[in-house]
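Please read the structure below before turning to the comments.
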Amino acid sequence: MTHQTTSGHAPSETATETTTGGTAARDSEVDATAADGNAADGKAAGRKATDGKATDGKAADVQVTDGQATDAAERARVLAVCRSNWEYRGIDDASTREMLAELSAHLDEAAAAGRSARDVVGADAKAFAAAWARARAPLHQRVLRMAAMIPFVLGSLLLLTHLLDLTLTLSVEAPRIAFYAVILVGTAALEIRRGSLGFRWWLLVGLAGVACAQLTSWLAGDGTLFRLPLWGTLLLMLPGLPYAYADTRARRAISSKT
């Protein structure tokens, strides 16, 4: 009896040990799973942080690039406005190029210091250019140059018309005068304000000239007012030839240096 009872307790101890071992194994598996989950969460968080930093870095790079593009566009606009104003205010080509080089150097220095072109020339680039033109050349000198160059430009347009029409005597009508007047005034006004026209503005000025010519033809007719011979066209160009020649020589001298 005693032997049977002792033998009867052995399976219970074995079962208990088996149960304890199974529980420990399951606990180990749970711990391993939790560790794997924590590791996965850490990796995911690390990837999110890395992706966030990369996104922030790209956004910052885009903002810097946009800012640099805006500054470059503003710089180009200021230089173009100043150049047009100086040309239309009677500053010779050599002086204009020298002033542009000096202004460009100032703008580069300002950009290196983190300042914009507006900080250099102020809110009104046209007023800045006008003040520099007055300081560069006296009024009577600039007026004399413009009085010679305006007929030169007009004569150049008329000479082109002679060549296109293949004629030595050009018929001048009121619509033709209106067309040239709108082209000259519109081009000068827009270039002084904007620095350059571009294709769209050239097209708009041309369309305005055509419309004005048509209106003038309807109001005043298209009869010949007078006839301009070729020698008259060349005579218009004569006063501006010395200035045009001096500007050409200045451009060639600068080109040879560079």
(request) Can you tell me which of 110-116, 227-233 comes out highest on packing, and rank the rest after it, using the mean Cβ neighbours within 10 Å? (result) 227-233, 110-116
(message) Please list, ordered by chain and number, the residues whose modelled amide H lies under 5 Å from the amide H of residue 228; skip anything fewer than 5 residues away on the same chain.
(response) 170, 171, 172
(request) Output ³J(HN,Hα) for the stretch 89-102: one whole-Hz value per residue in order, computed from phi by the Karplus curve 6.51 cos²θ - 1.76 cosθ + 1.60 with θ = phi - 60°, and x for Gly and Pro. (result) 9, x, 7, 5, 5, 5, 5, 4, 5, 5, 5, 5, 5, 5
(message) Can you list residues from other chains, or at least 5 along the same chain, whose modelled amide H is less than 5 Å from the amide H of residue 115?
(response) none
(request) Jot down the radius of gyration and Dmax of the stretch 148-258, Cα atoms only, both in angstrom. (result) 16.5, 55
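Values in this text are rule-based calculations from the coordinates and carry no lab data. Given the structure is predicted, the values throughout are model-derived calculations rather than measurements. With ideal geometry, Cβ positions are generated from the backbone for all residues, glycine too; neighbour counts draw on all protein chains shown.
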